[in-house]
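Each remark here refers to the structure printed beneath this line.
The values are calculated or read from the model by the stated rules, or taken from the named source; none is laboratory data. Keep in mind that this is a model prediction, so the values were computed, not measured. Surface areas here come from the heavy atoms of the whole protein model, side chains and all, with no ligands, DNA or RNA. Shrake-Rupley method; radii C 1.70, N 1.55, O 1.52, S 1.80 Å.
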Amino acid sequence: MIKRRDIFTLATVVGLLTLPTAGSLSYFAITKDPSIRPLGITQESLRAYSGDSSAGFEILAMVEWDSARSGQVTRDDMNRALINVFESKGVHAQVFFTKGYNGTFVKYQVGPSVFGPYPQSRAAEGISAAVAAYRVRIPYKP
């Protein structure tokens, strides 16, 4: 038989364990500040909260990957190289891979504008154009 004291102890422990979560969710419900929600923080929610005009506007690098014709380059190498070059220019980009059949090609999409496709050997040629198009919409802030 469960004693009344055991039920009270269990309810107290459960209450103490859920108190931080309930507090952070209450704070978020009132202020809409996503920074207090550690599992709910996304770059999009932080940009939207801060009023950043770049929310939802970014560079997409779309890679048609043909593993048979990509040489010694792996998908991870290509992904890392594209992300690093855009970050070196102060821009965030997302890289997506799809199956390619006639070689590896890269297209860059900035809003409604699409640059490319560029073959893998010339993929760097479209990066400056994509960053310039991005800068037209989102000015550089050092």
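Tabulated data for the structure shown
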| item | result |
| --- | --- |
| Where Leu82, Leu60, Leu10 fall by accessible area, highest first, once all protein chains stay in place (1.4 Å) | Leu10, Leu60, Leu82 |
| Stokes-Einstein D in µm²/s, Kirkwood radius over Cα pairs - region 64-137 at 10 °C with 1.306 mPa s viscosity | 126 µm²/s |
